[in-house]
Each structure stands twice: as C-alpha cells, then as structure tokens.
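J.: First the structure, which I've put down as structure tokens, then a few questions once you've had a look.
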Amino acid sequence: MAPPTFSVSEVRVASTCPRVSYFDAEASRRKGLKTRAMTRLWKSGEADTACGSLFHNAVEAFNRRALDAAEVRAAITGEPASRTIEQGLRAFLNTNCVNLDSLSRKPASQQQAFIRAVEIYMRELADIVADARARGRAPDEIIDHLFGDRRRRIDVTFQVGPKGEPVRVTGTLDYVFYDWRTSHHRVIDYKLTPAAEPSNDLFQVALYALMHNVQHRTTPDVAVLYLHPERKMVELCWDEVHGQRHKLFDLLASLAGWVNYNEKTGEGLKPPGEPSCCPRCKWDRDGQCRARLGPKHEGVRLRHWTDAGQAGSGGLPLAEPGIGVCEPSGPSRPWSNEVPGESEEVDSPDAIAGLRIGTSESGNLSVELPLAALPTHVAVVGAAGGGKTWLAKVLAEEAIRQRIPVLAIDPQGDLVQFLRPGPEPPGLAGPFRSMRRAFLDRVEPRVWTPGTSHGRRLCLDPIRLPGRDDLARIDDPARRQEEWRELLGAAAAGLAGLADVGGEVDSQQAFLLQVLDRLASRTDRRDVSLETIAAAAADPTIVDMNDPDRLIRKADRTRLARKLEALRVGPAAALFAGGERLDLDAMCRADDGGRIPLNVIYLNALVDDGWKQFFTAALAAEVYRWMITTEAEDPGRPRLLFYLDEARDFIPAGTAKPAAKLPLIRLFAQGRKYGVACLICTQSPRSVDYNAFGNCSTKLIGRLESQQDVERVAQWFATEGSVPPWVAARKGAPAGSFVGRWPGMPPPLEGRSFRGRPLFSLHEGAWPPDRVEREVREAAGGRKPA
C-alpha cells in the first residue's frame, strides 16, 4: 500500500490550521478528485503583492537561462563591484525574462513594487557573486554553483508514524546554491508578501532543507527573503533546522491521521483548528467548521517524536529518498520497541534541559525557555484574569524541576497554594505526568509569614551586617569597599524609612550608616540587634562617634532613637521578635535532604503597608548580601529564582520611592552577574518603574487592556531594536495567550502565541491568613499526595 503523500505546500497549510487540511481531503474524496484540492490560507495584507506570479515566472526563467547566457557571464566576469554586477544581471532579466505585456497591464503601484522586488533580489545575488570574486573563485565555478544545481525537485518518504508508518512529501525548491560565506548549501524561499508569519515560512523552508539533506546528503542553511513591501531576511542555520526536526516529524504523522478522520463515527485523529485563520477561511462560512468538528480547540496532535527527543532517546525517524513505498521499519530506540504515544511515560523528565513553559496555540511547537535565559530576568505582563500568575507559577515550578531554589514574595495569597499539589488533569500527556511526578517528589514548599505565626514566622532581629572579609572574593579593594558601603547603606535606608520620623531623611540615613559602619567593623558583632542600634542612636559615644551633630541635629537624632526603640517594643515589634531570623543560606537549604526549597513570603497577614515595604526592602537587601558574599557551587547555573508578584506595589513608576523600590531595582541591576534570576509579574506595565523592566531580557506578554499598555510595552522593545509587529495584537488577546521574546529564542517561535503548560500545584483564589494557617498546619506532616 502506497504511503500517504503530501506536497510541501500542503504540509505548510497543516502547520497553520489542521482543519483546513482535513476539509480539503474530505471534499476531494467526496468529489472523486484525482489530485487533492488545497485551500490557500490568505492572511490580512497578503493581497497587496508585487505581481507575485509575474515575478516568480521571471525569476524561474532567469535561473533556467543564466547558466548559458553570455550576458550573465559578462556581468559576473566583468567589474567586481556588487552594484555593477547587479546592473548587468538585472538588465538580462528585464530584457529576456519579464513578460512586459503582462506587467504593463498592472496598476502603477504594482509595477513599482515589482521593480523594487527585482532590485532587491538581484542585489542579494550580486552580493553573493561579489563575495565569491573577492575570495578568488573562478567565474565558471561561480556560475556553476549559482545556476548549475538542478537538484530542486525533492521527493522523500519519512517513517514517522507511531509505529514507523511512512509519509511521503514532494516539492520543488525556489532556489538552492552553495554559499561560500558559510561553506554550506543554502535553500532560499522568496516571498512577495509582508513578513506577517516568518516562523511559518521558516517552517516550510526548513522542511525543504531536511528533504534536500535526505535526498542529496547536503546540510543546507535556510532563509526566507521577503521582497515586498520591504526587504527582510529571516534565517536558520543547518544545526537549528536539524535540531527542530522532531517537530516536523510529529506534524507529518499527525497530518496523515487528520486527513483520514471520520467525522461521522469519530474514528481517527481529530484535527484541531486555528482561530486566527477563520475570518478568511472558506471552510468556516456559516459556522460549518464548528458544526462539523466542534470547538476549534478540540483535536489531537501527535507528539511522540518531541516527547521522545525531550526524554533524551536520540532516536529519530528513518527516511528514504525517491518515489515509492518505504519499508515500514520502526525507528531504533535502546529503551523501547515502540514510539511512545501521548498516554505513555518518558523515562527522565530531567532530560528536558530547558524550562518547558507551554505549547504554541497551534500545538505543534513546544515552548521552552533556555536555562541560560533565566538569570537575564523575566517579566510576565498581562491583564487581570489573563493568566499571568499561572504562567509565572509555571516558571517557578520549572525552576524547582531544574533544582533551583525559589524565593517568592506573595502580597495577596496567590502563591501560598504551592503548598498543595493541584489535581492531575484528565488525559495529561505522558511527559507532563513524568514532569509532574518529578516536581512533586522534588519540591519542598514553605510558607513564611513575617511578624505573624500563620506560617513559619520570620524575624528581622538581629540584623545581619556584612564584614569586610565577607567580600574577600572581590579582588579590587576599592570595589570591595563600595559594595560594603552599599550593603550598610541599604540597611540604614530601610531603618530610616520604617522609623518615618519626618525631617531630613538623608541626614538620618547618613547618621545610621555611620552607626552601622562602626557596629559592623567590630569583629565580634556581625549580627546586631535593633536594641543595640537604637541605643547607639541615642548615645553615639557607644560606637565611638564623638561628633554626631555634624550629620544630624540632636533633636532629629533623639526622635530617631526614640522611634527605633518604639519599633522594638511597639506595634511593629512583631517584625523584630519571635520566629526564625531572615537568612538566605537557610532558605536555600532543604530541611528534607534531596528536595529543593520553594519559599513563599506571605505578606497579607501584615496590617501595615509600611511594614510590608520595609520587610520587602530588608529581604531584597539580604538577597543582595547573600549573592555577593557567597560563592556559587556551579557558576554556570542560576543560584536562585527571586519572584515578585504584582511588582507595581513595590517598584512603582514615577518619583514615588517606597522603601522597597531602590533595593529591588539594585537587585535586578546586579543579580544576573551573580546568578540570581529575577521574575516580576504585573497587570499594569505603565505602573511599574522602567528600570525593573529594562533589566528583563525575557519578556512574556499576555493580554493587554489598553492602548497605553501596548505603547509602554512597545517602548521596552524599542530600546533593543525594532518593535515586534505582534505587540499591537496583544490588546484584547485571548486569556491565557502569550507571546514572548528571550535571548536565543528559536526563529520558529518569533511572534508565535502560546499557552502555559498544565500547573502541577494548586491554583485557585487568594488565600486569607486563616486559610494559610490551616493549610500550613495540615501540611506540617508532609506534602499531601497527588
């Protein structure tokens, strides 16, 4: 029996919307067509082209004739300047390859666009020729490499089904040549439509490259060259193409099942839909798509190659070139005789090296954040109810799975739910089941409650002060002194802010800095009680400060000392008495050996916003002290994920300076070089200080509520280059939908919306203090079973 056969264009359609592939196949069977019909998926803006058919015909004619054309040889052997070569090549095409009668009948705007597209195309070709000339390549070699490679027709059968079933794919490349600049063959697909979906276009040309590799044993890089309305080139090297091949194999296996689905009986692989295609899709008229196949999100995508690759098997499908039937032999796997399906397990979730945070909306791309991107800091932005906390929780769970301790600040009660596992979703895919089990076996959730006993009580007394020898790993003495003063200054600023006596705050901070300096310099006094600080403020001679009046007026000093003493014995005393002291070393060390701490600092039991700010400032200062005074066990890995939920309360935009703002911004600015990854979450990007987001190289953007939010997000990207075209579409996006950008992001994910993976912990409404207390008490005997 012959294998199912598809053209590359049909595979491209399936990658965009599987239901279109099904409807085309079903209609072709019903009508008895010998050749399967294919629906062209037009997107907004694609109708404004540069005479696409006319251009393609002209370029095809040029490539056929150029090998033997004297004019082309003269252009290549003449003046080596790129622009001169371009003029000669373009003159030959205009004279011999363009249907001038057809062009003359086009509107003037399309004629101009056609001319511009030809200029861009020929300029690219001339640049390649000029480079080859500069490298000393002979003209005959250049002409042969550019125009003599006739291996454009490709026909490959891949064994990709769940049990090695074959799928055949055929197609014709736009252009393939050897590029001396990279020492690789190069497959180029040129487009005369806007670069609206470069990831989809790259997907198609990557398929061409994989097929060319199988059939001709080349290792081609790929590129899509957009010629209209402006030049844009998007590229992938061969290693990137080859590294993503499992996703293509999953799509081919799925496509073979989708086209044979039986909508009457429900037998076979039901295709899901892609809502963004619906407005221009003929199969969605009068709601027939939903009526026949149900809601667009319903459907199945095979993932056995992606899941197996993430499990570290290394086995990938066999493929044979040529027309005909492949021998249906399954792929070789050292650990299994069969390819794992959706319901099976993978052996090692640790083999998934990155942070698996979600899946593309179309379901054919796994979204993984590389571990190296985490210390560049992450911002998750989205309107209320848009799924931002869900996605941020996924990142925290992934950090635990990667054995990275987490320290999360929970102002409202949304994060304390890490205490309990969430219910396992019905039909959870095998890899996610394995990951879930690994997370639950590994995590050690803790809920800390500063100033109260609802959870594990935290205390700020004694205050830990750094000694100079704590900074011994900083070689430069001047830099060491600066860091030491920074740490003391942060503590002084926090105390002055909490005292809140009015008057000259700068003078109060300078005075307290001198007090702490003297206390920290005593070799026997690194941990200093608030009582000692208050006493020294009242009587500076205790710390050998004989002229305090030069820093602060006596009346202000007296008020400051009195307020510090009141903090120790008054309503705020709860922050400084009872419980465990704030200690990052202890927070990053598991109570149960082999587990990874997930620390949640629950602030909602504190009744005073000033106390919340002060504690958060003290926490940020302690993280800073810890990261610069301790050595990383593995310098190549993140040491800690610091997670701040609803950042606008602590890092507000504008001139407001709550106590936590400057310590947090400093942590964001310095954390990455010490391996401390920061994660912030907010529903209002306009309300958060730009300095925080400016230090986040990874941005995950959900639904935005207003045009002002869109403009603010655009400003963040503008500082790094051009604003991504997808930013504007984030306004009013569906709940749970995100688009991201991070260092080293694979091009197929550029602009691609995705949804977060299933959560392994409980996710429900915020817990009040009494619920927290009850849950902590119930969990004290051990984490509840899933």
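J.: Which one is farthest from the chain's Cα centre (by Cα) among residues in segment 61-74 that are closer than 23 Å to residue 138 by Cα and without any contact (Cβ under 8 Å) to a residue 40 or more places away in the chain?
T.: The initial filter retains those residues of segment 61-74 that are closer than 23 Å to residue 138 by Cα, namely 62-74.
Imposing the further condition that a residue be without any contact (Cβ under 8 Å) to a residue 40 or more places away in the chain reduces the set to 62, 64-65, 68-71, 74.
Numbers: 62: 42, 64: 43, 65: 46, 68: 49, 69: 49, 70: 51, 71: 50, 74: 49 Å.
Looking at the filtered set, the residue picked out is 70.
J.: Could you tell me which of the residues 528, 569, 543, 515 is over 27 Å from residue 626 (Cβ atoms) and among the aliphatic types (A, V, I, L, M)? Let's see the steps before the verdict.
T.: On the way: 528 fails: over 27 Å from residue 626 (Cβ atoms); 543 fails: over 27 Å from residue 626 (Cβ atoms); 515 fails: over 27 Å from residue 626 (Cβ atoms).
Going through 528, 569, 543, 515 in turn, just one is over 27 Å from residue 626 (Cβ atoms) and among the aliphatic types (A, V, I, L, M): 569.
J.: Kindly provide the set of residues from segment 386-426 that are open to solvent by 10 Å² or more (accessible area, probe 1.4 Å) and farther than 23 Å from residue 692 by Cα, ordered by number.
T.: 402, 403, 419, 420, 421, 423, 424, 425, 426
J.: Output the number of residues of segment 631-658 satisfying the condition of being touching a Phe, Trp or Tyr at 6+ places or on another chain (Cβ under 9 Å) and at pLDDT below 85.
T.: Selection size over segment 631-658: 1.
J.: Restricting attention to segment 88-99, which residues are free of Cβ contacts under 8 Å to residues at least 40 places away in the same chain and open to solvent by 60 Å² or more (accessible area, probe 1.4 Å)?
T.: 94, 95, 96
J.: Is there a residue being surrounded by 19 or more Cβ atoms within 10 Å (Cβ to Cβ) and at pLDDT below 90 anywhere in segment 475-483? Step through it out loud before you land on a result.
T.: Within segment 475-483, the first condition is being surrounded by 19 or more Cβ atoms within 10 Å (Cβ to Cβ), and the residues that meet it are 483.
Those still in the list that are at pLDDT below 90 too: 483.
Yes, segment 475-483 contains a residue that is surrounded by 19 or more Cβ atoms within 10 Å (Cβ to Cβ) and at pLDDT below 90.
J.: Criterion first (in contact with a Phe, Trp or Tyr (Cβ under 9 Å, 6 or more places away or on another chain), open to solvent by less than 60 Å² (accessible area, probe 1.4 Å), of a type in the set (Gly, Ala, Ser) and over 13 Å from residue 52 (Cα atoms)) does residue 138 satisfy it?
T.: On the way: in contact with a Phe, Trp or Tyr (Cβ under 9 Å, 6 or more places away or on another chain): no; open to solvent by less than 60 Å² (accessible area, probe 1.4 Å): yes; of a type in the set (Gly, Ala, Ser): yes; over 13 Å from residue 52 (Cα atoms): yes.
Here the answer is no, as residue 138 does not meet what is asked.
J.: Going by the conditions given, is residue 131 acidic (Asp, Glu), open to solvent by 10 Å² or more (accessible area, probe 1.4 Å) and modelled with pLDDT under 90? Before the answer, list the steps.
T.: Values: acidic (Asp, Glu): yes; open to solvent by 10 Å² or more (accessible area, probe 1.4 Å): yes; modelled with pLDDT under 90: yes.
Considered against the rule, which asks whether it is acidic (Asp, Glu), open to solvent by 10 Å² or more (accessible area, probe 1.4 Å) and modelled with pLDDT under 90, residue 131 comes out as yes.
J.: Take residues that are basic (Lys, Arg) and tell me which of the helices (runs of 4 or more DSSP H) falling wholly in segment 1-119 contain 2 or more.
T.: Values: elements: 8-16, 18-31, 52-65, 70-77, 82-96, 100-104.
It comes to 18-31, 52-65, 82-96.
J.: Here is a list: 109, 102. Which entry is without any contact (Cβ under 8 Å) to a residue 60 or more places away in the chain and more than 45 Å from the chain's Cα centre (by Cα)?
T.: On the way: 109 fails: more than 45 Å from the chain's Cα centre (by Cα).
Exactly one of 109, 102 is without any contact (Cβ under 8 Å) to a residue 60 or more places away in the chain and more than 45 Å from the chain's Cα centre (by Cα), namely 102.
J.: Sticking with this structure for a sec: Does residue 590 satisfy the condition of being over 23 Å from residue 660 (Cβ atoms), within 42 Å of the chain's Cα centre (by Cα) and either of a type in the set (Val, Ile, Thr) or surrounded by 14 or more Cβ atoms within 10 Å (Cβ to Cβ) (or both)? Explain how you work it out, then say what you get.
T.: Values: over 23 Å from residue 660 (Cβ atoms): yes; within 42 Å of the chain's Cα centre (by Cα): yes; either of a type in the set (Val, Ile, Thr) or surrounded by 14 or more Cβ atoms within 10 Å (Cβ to Cβ) (or both): yes.
It is true that residue 590 is over 23 Å from residue 660 (Cβ atoms), within 42 Å of the chain's Cα centre (by Cα) and either of a type in the set (Val, Ile, Thr) or surrounded by 14 or more Cβ atoms within 10 Å (Cβ to Cβ) (or both).
Per-residue answers, yes or no, for (1) surrounded by fewer than 19 Cβ atoms within 10 Å (Cβ to Cβ); (2) closer than 23 Å to residue 393 by Cα:
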site	(1), (2)
428	yes, yes
436	no, yes
459	yes, no
469	yes, no
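J.: For residue 196, which of the numbered conditions (1) in a helix (DSSP H, G or I); (2) surrounded by fewer than 18 Cβ atoms within 10 Å (Cβ to Cβ); (3) touching a Pro at 6+ places or on another chain (Cβ under 8 Å) fails to hold?
T.: If we test residue 196 against (1) in a helix (DSSP H, G or I); (2) surrounded by fewer than 18 Cβ atoms within 10 Å (Cβ to Cβ); (3) touching a Pro at 6+ places or on another chain (Cβ under 8 Å), just (1) comes out false.
J.: Which condition breaks for residue 278 when tested against (1) closer than 22 Å to residue 37 by Cβ; (2) modelled with pLDDT of 85 or more?
T.: (2)
The rows are residues; the columns are (1) surrounded by 19 or more Cβ atoms within 10 Å (Cβ to Cβ); (2) more than 17 Å from residue 292 (Cα to Cα); (3) touching a Gly at 6+ places or on another chain (Cβ under 9 Å); (4) among the hydroxyl-bearing types (Ser, Thr, Tyr).
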position	(1), (2), (3), (4)
2	no, yes, yes, no
9	no, yes, yes, yes
14	yes, yes, no, no
18	yes, no, yes, no
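J.: A further question follows. Of the residues 188, 154, only one is open to solvent by less than 10 Å² (accessible area, probe 1.4 Å), in contact with a strand residue (DSSP E or B) (Cβ under 9 Å, 6 or more places away or on another chain) and aliphatic (A, V, I, L, M); which? Let's see the steps before the verdict.
T.: Values: 188 fails: open to solvent by less than 10 Å² (accessible area, probe 1.4 Å).
Matching residue, one of 188, 154: 154.
J.: Residues that are in a loop (DSSP other than H, G, I, E, B) and open to solvent by less than 10 Å² (accessible area, probe 1.4 Å): does segment 199-216 have at least one?
T.: No, segment 199-216 contains no residue that is in a loop (DSSP other than H, G, I, E, B) and open to solvent by less than 10 Å² (accessible area, probe 1.4 Å).
J.: In segment 623-637, what residues are open to solvent by 10 Å² or more (accessible area, probe 1.4 Å) and in a helix (DSSP H, G or I)? Walk me through it before giving the result.
T.: Start the filter on segment 623-637 by keeping residues that are open to solvent by 10 Å² or more (accessible area, probe 1.4 Å), which leaves 625-626, 629-637.
Correct list: 625, 626, 629.
J.: Same structure, new question: Can you pull out the residues in segment 169-181 that are of a type outside the set (A, V, I, L, M), within 33 Å of the chain's Cα centre (by Cα) and at pLDDT 85 or above?
T.: Scanning segment 169-181 gives a single hit, 171.
J.: All but one of (1) more than 28 Å from residue 253 (Cα to Cα); (2) in a loop (DSSP other than H, G, I, E, B); (3) within 29 Å of the chain's Cα centre (by Cα) hold for residue 219, so report the exception by its number.
T.: (1)
J.: Only one of 480, 403 is among the basic types (Lys, Arg) and under 16 Å from residue 595 (Cβ atoms). Can you tell me which?
T.: Details: 480 fails: under 16 Å from residue 595 (Cβ atoms).
Among 480, 403, only 403 is among the basic types (Lys, Arg) and under 16 Å from residue 595 (Cβ atoms).
J.: Out of curiosity, is residue 61 farther than 30 Å from residue 213 by Cβ and surrounded by 14 or more Cβ atoms within 10 Å (Cβ to Cβ)? Even if it seems obvious, please write down each step before you answer.
T.: Details: farther than 30 Å from residue 213 by Cβ: no; surrounded by 14 or more Cβ atoms within 10 Å (Cβ to Cβ): yes.
So residue 61 does not fit the description; no.
J.: Report those helices (runs of 4 or more DSSP H) wholly inside segment 464-539 carrying at least 2 residues which are charged (D, E, K, R) and over 19 Å from residue 583 (Cβ atoms). Quick ask: steps written out before the conclusion?
T.: Working: elements: 477-499, 505-521, 530-538.
Passing ranges, in order: 477-499, 505-521.
J.: Look at segment 276-287 and say how many of its residues are open to solvent by 80 Å² or more (accessible area, probe 1.4 Å) and within 16 Å of residue 298 (Cα to Cα). Outline the logic, then answer.
T.: Our first condition is that a residue be open to solvent by 80 Å² or more (accessible area, probe 1.4 Å); within segment 276-287, this holds for 279-280, 282, 285-286.
With the extra rule that they be within 16 Å of residue 298 (Cα to Cα), the set shrinks to none.
Number satisfying all stated conditions: 0.
J.: Look at residue 221 and say whether it is out of contact with any Cys (no Cβ under 6 Å at 6 or more places or on another chain) and either within 30 Å of residue 51 (Cβ to Cβ) or modelled with pLDDT under 85 (or both).
T.: Spelling it out, it is not the case that residue 221 is out of contact with any Cys (no Cβ under 6 Å at 6 or more places or on another chain) and either within 30 Å of residue 51 (Cβ to Cβ) or modelled with pLDDT under 85 (or both).
The values are calculated or read from the model by the stated rules, or taken from the named source; none is laboratory data. Computed from a predicted model, the values in this text were never measured in an experiment. Every residue, glycine among them, receives a Cβ derived from its backbone with ideal geometry; neighbour counts consider all protein chains shown. Just so you know, the surface numbers come from the protein's heavy atoms only, side chains and all, with ligands and any DNA or RNA stripped out. Shrake-Rupley method; radii C 1.70, N 1.55, O 1.52, S 1.80 Å.
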